[in-house]
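The values are calculated or read from the model by the stated rules, or taken from the named source; none is laboratory data. No experiment lies behind these values; they were computed from the predicted model shown. All Cβ positions, glycine included, derive from the backbone under ideal geometry; neighbour counts span all protein chains shown. To get the accessible areas, we keep the full protein, side chains included, count just its heavy atoms, and leave off ligands, DNA and RNA. Shrake-Rupley method; radii C 1.70, N 1.55, O 1.52, S 1.80 Å.
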Amino acid sequence: SDERPYKYMEQWLHGTATYMLRGRGAKCPMIRDKRGLFPIDRSYQDPSCVNHLLEKWHKAFPEMTRLETIGRSHRGTRIRALRISADMDSNRDKPAILLNGAHHGIEAISVTFVLDAIQQLLRGQSTHPHIKRWLDTFTIWAIPVVNPDGLTNFLERDVRMGRKNGRRTAPTNSRTNGVDLNRNYPFRWGMLGERGSKSWRHSGYYRGPKAGSEPEVQAMMALANRERFVAALTYHTGTLGLLAPYTIDDVKNPVSNEAWSVAEELVSLLPKHPERGKITVKRNLYSVDGTDQDWHRHTHGTLALLVEGARRTPNTTRRRNAIVRAIQPLWTGLLNRFQDGPSLSGHVVDVDGKPVCAAVAIDAIQTHEGERWMTRYNADPRGGSGRFDRFLPGTGSFTITVDVPGKPTTHRRIRAKNGHQSITIQLPFPVTPPANGLCTPALFKE
């Protein structure tokens, strides 16, 4: 039958089918190997298995991790995020990085890319010279499965299902059910008509009934609004490439576009891909609206890159491992690039030293789509520090502009060199916190 689950298509080695043959919904047997690692390469993992694995990692490394449920899918499956950093209990104010997979559940190896990064961060301090430095510098959020319902459909029901989520869009339990989560984000949602996404609910590219309608997308947006990620890698499969925003042809990128220049630096680190191809930087595969990448970039200035990491879903451990190794330098290089610079972190405080909700712009990154990139701020003083983080396009002199609603504009001149630089911008006046505690560009319209 053409309607078989993917779990029956994997080419298992004897004794390694520990995940998909265990029975649907049962916990995975997680036994460490001689190196102290959990086996993530023997098979693909369904959402329950991924959740069990995250729980095991958190239990094994409680001082370095926090496990959070950021939301639930249409079918009620938890969307889990593992937060990784040194000094987790100290509430240190750090730049945040996002790694996520399986917006499309049919792209199962995208989950493995994220699981491998987690494994490396937690177990590689003795072998990788940079990991301790990364954990001291960053808070890394790893979300292996954004679309748990889609991943379950692909592995457990039908290899032609899983691109979309679990929304019921047809009267029967059809393979056409669901919304393409990576067409549902609010930035320019539906602006291309039927080109980049589809209004037809049976299409594999159905964008949903309205922008941000899906609980999985809402969960990802809420986390980003809280953390204000300085960078994000979203893993996909289907071809080879590294996409730098904006992906919509008629949307004008910032000038200079530091996302593009950083992406070019990252692909230069990559070895030859096992699928006889080369990963290059692209604006898009075709013009697409409603993507997470464009939303992150427009809303928070995140250096958001989309990784097309494999042409197909490899069905052997050997092929999987070769592809995962070939993709690793993207996330490791991204962390190094921020630390080695040129990059900038800062805090905006008022005359009394209190954190401020403000829009921060850098003259070398001129925006053209109404972007206002706000500081990290909320009503909880532990979560809002007036922080901002930026990759810089190069060295030289830059002017930082700080805007607070109803207050005069403040300018600060800096000279950026190679490396990471931290500054504090103290405004010469007191600032009243937002009435609703939310730090958004909408404050400038009130």
Mind ranking 207, 297, 83, 415 by accessible surface for me, highest first, 1.4 Å probe?
415, 83, 207, 297
When a/c reaches 1.5 or more, the comparison of a/b and b/c decides; with that in mind, is the range 278-348 rounded, prolate or oblate per its Cα gyration tensor?
oblate
Where a ≥ b ≥ c are the square roots of the eigenvalues of the C-alpha gyration tensor, would you call the range 88-150 rounded, which needs a/c under 1.5, or, failing that, prolate if a/b is larger than b/c, or oblate?
oblate
Can you compute the modelled spin-label distance between residue 255 and residue 278, with each label point 7 Å from Cα toward Cβ, in nm?
2.9
Assuming 0.36 nm per residue, please report the length gained on full extension of the stretch residue 213 to residue 368 beyond their Cα-Cα distance.
53.1 nm
Accessible area in the full protein assembly, largest first, 1.4 Å probe, for 266, 67:
67, 266
When all protein chains stay in place, what accessible area (Å², nearest 10, 1.4 Å probe) is found for residue 7?
20
What is the spin-label model distance, in nm, from residue 136 to residue 412 if the labels are put 7 Å beyond Cα along the C-beta direction?
2.4
accessible surface per residue for the range 55-155, probe 1.4 Å, DNA/RNA/ligands not counted, whole Å² -> 32
Hey, what's the range 206-268 come to in accessible area per residue, 1.4 Å probe, Å²?
30
Pull out a ≥ b ≥ c, the square roots of the eigenvalues of the alpha-carbon gyration tensor of the range 184-242, then state rounded if a/c is under 1.5, prolate if not and a/b is larger than b/c, and oblate in the remaining case.
oblate
Dividing the helical contributions, -39500 (n - 2.57) per DSSP H run of n ≥ 4, by the residues of the chain yields a 222 nm value, nearest 500 deg cm²/dmol, of -7000 deg cm²/dmol
Whole-number accessible area per residue in Å² for the range 310-407, which is evaluated in the context of all protein chains at 1.4 Å
36
Solvent-accessible area, 1.4 Å probe, carbon plus sulfur percent, for the chain:
49
By DSSP, what percent of the beta bridges with both residues in the chain are antiparallel, rounded to the nearest 5?
60
Nitroxide proxy distance, nm - points 7 Å out along Cα→Cβ at residue 311 and residue 287
2.9
